[in-house]
Amino acid sequence: MSSTGTGQHPRTALIVGASRGLGHAMTAEFLGRGWNVVGTVRDTTARTPLHDLADQADGRVTIEHLDINDPLRLSSLHERLAHRRLDVLFVNAGTTNNERTPIGAVATADFIDVMVTNALSPMRVIEALEDLVSPAGLIGAMSSGQGSITNNTTGGREVYRGSKAALNMFLRSFAARQNETQRSFVLMAPGWIRTALGGPDAPFTIEETVPLLVDVLLSRLGTPGLAYLDRFGQTVPW
């Protein structure tokens with residue numbers, strides 16, 4: 001899908017969490033489709049694959065620094081981006097704990113870390129930056145099929161599941177507060193992908209998955225309302 005029409009400027013996506021993995025691959029995919037991309041990295045000193053991508057992008061990739069668990073940095077990021085209009089704001093964030101630990105045995109610090117990183121911080125980013133998004137743009141976050149309460153028939157990964165279910169509920173509440181807008185809201189369930197979080201046993205590669213994810217996001221542009229979708233654009237049950 002082309003990013004521009006006759007006489008239009010390239011569209012811009014902000015990918016929060018773009019230094020590596022799915023976020024980096026999404027940045028490359030949007031770039032390959034003619035978009036401009038702002039990508040955030042957490043570390044202010046380390047070089048990442050996103051830096052290599054930016055070096056080859058003829059100025060179409062802008063790198064910003066953001067630790068999503070540090071809300072004090074959001075206002076300064078907003079100031080730096082205030083002159084830009086975003087067509088897509090997508091938050092890619094995720095962490096987990098020992099997936100075999102049942103919920104009653106999870107350490108409080110581990111519970112807080114997963115819940116803050118996966119649910120609270122993405123919503124803080126969205127709340128802080130949503131006014132930069134076009135009135136007909138898209139706001140999305142990386143959820144998981146494991147955030148589906150309906151589909152949880154096996155248990156396991158209980159804190160991770162709970163954090164993604166919480167993210168789903170929070171974005172649903174956010175979208176309900178904007179139900180008169182033309183914006184699209186997407187919770188993306190990409191499947192089990194071979195990333196640092198997904199591990200080496202995951203059945204799907206980044207290369208085969210990310211083009212599908214971007215297809216789904218672009219297909220939702222111009223369609224108001226919230227959708228919880230897998231990489232094929234199929235609805236995931238709440």
ask   = Quick one: how many residues across the range 137-168 are loosely packed, with under 15 Cβ neighbours inside 10 Å and among the hydrophobic types (A, V, I, L, M, F, W, C)?
value = 1
task = For the range 19-37, indicate whether the set of residues that are open to solvent by 40 Å² or more (accessible area, probe 1.4 Å) and in a strand (DSSP E or B) is non-empty.
result = no
query = Are any of the residues in the range 182-196 farther than 22 Å from A18 by Cα, at pLDDT 75 or above and open to solvent by 40 Å² or more (accessible area, probe 1.4 Å)?
reply = yes
query = Is one or more of the residues making up the range 95-108 of a type outside the set (S, T, N, Q) and surrounded by 19 or more Cβ atoms within 10 Å (Cβ to Cβ)?
reply = no
inquiry  = Being open to solvent by 50 Å² or more (accessible area, probe 1.4 Å) and modelled with pLDDT of 90 or more is the requirement here; does G7 meet it?
reply    = no
The lone exception for R84 - which of (1) at pLDDT 95 or above; (2) over 18 Å from S19 (Cβ atoms) it fails = (1)
message = If I go through the range 52-64 residue by residue, how many of them are closer than 11 Å to V41 by Cα and open to solvent by 70 Å² or more (accessible area, probe 1.4 Å)?
response = 0
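Looking at the structure I just gave you, is G137 within 17 Å of P190 (Cα to Cα) and within 18 Å of the chain's Cα centre (by Cα)?
Here the answer is no, as G137 does not meet what is asked.
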task = Filter the range 142-162 down to residues that are assigned to a loop (DSSP other than H, G, I, E, B) and closer than 29 Å to H24 by Cβ, then give me how many there are.
result = 6
key: Condition check for S134: out of contact with any Leu (no Cβ under 6 Å at 6 or more places or on another chain), at pLDDT 95 or above and crowded, with 19+ Cβ neighbours inside 10 Å   = no
message = Filter the range 26-53 down to the residues that are over 22 Å from T209 (Cα atoms) and touching a residue at least 24 places away in the same chain (Cβ under 8 Å) and list them by number.
response = R42, D43
inquiry  = It is to be established whether one or more residues within the range 207-221 are in a loop (DSSP other than H, G, I, E, B) and at pLDDT 90 or above.
reply    = yes
task = Could you check, for the range 116-134, whether at least one of its residues is within 19 Å of L74 (Cβ to Cβ) and not in a helix (DSSP H, G or I)?
result = yes
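The values are calculated or read from the model by the stated rules, or taken from the named source; none is laboratory data. All values reported here derive from a predicted model rather than from experimental measurement. We place every Cβ from the backbone using ideal geometry, glycine too, and count neighbours over all the protein chains shown. Only protein heavy atoms, including side chains, enter the accessible area calculation; ligands, DNA and RNA are left aside. Shrake-Rupley method; radii C 1.70, N 1.55, O 1.52, S 1.80 Å.
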